[in-house]
Amino acid sequence: MTVSGAPWLLAGLALFSVAQTRLPHYVLPLFRAAALLVAASWPALPSRLARSLLAGTALVVGIALAGAWLASDFFVRLVGPAYPA
C-alpha cells in the first residue's frame, strides 16, 4: 500500500495553516490528496457490518431527503409571507 497523497496533503495543510489569509478555495487541491489517502487505505472487501451501516445511512438520508421534498410546499407557505419579494 502506498500513500502518495500524504506528503501532498501534509505540505498543503502546513502551508495554509501558517498563511495569513485562509480562503476556502485555497484548500481545494488538498481534497484530491485526501481522496488518494482514503482510496489507499480502503479495504478491498468491506466487512458485513460496514456494508450494513452504509446501507442504513443511505436509507435514512434518502428518507430524510424525500420527506424534505414532500414538505417543501408547506415550508414555502410558512416562510413566504416573511419574504414578499
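Note on Leu45 and Val60: their simple-model spin labels are 2.8 nm apart, each label 7 Å out from Cα toward Cβ. For the chain, complete DSSP H runs whose alpha carbons reach 30 Å or more along their own long axis and whose mean Kyte-Doolittle score is -1.0 or higher are 48-70. For the chain, what % of the accessible area comes from carbon and sulfur atoms, probe 1.4 Å? Here carbon and sulfur together make up 75 percent of the probe-accessible area. Over the range 1-71, accessible surface divided per residue gives 82 Å², non-protein components excluded, 1.4 Å probe.
The values are calculated or read from the model by the stated rules, or taken from the named source; none is laboratory data. The structure presented is a predicted model; accordingly, all values stated were derived computationally and were not measured. Reconstructed Cβ throughout: ideal geometry from the backbone, glycine too, with neighbour counts over all protein chains shown. Ligands, DNA and RNA are stripped out before the accessible areas are found, and what is left, the full protein with its side chains, is counted by its heavy atoms. Shrake-Rupley method; radii C 1.70, N 1.55, O 1.52, S 1.80 Å.
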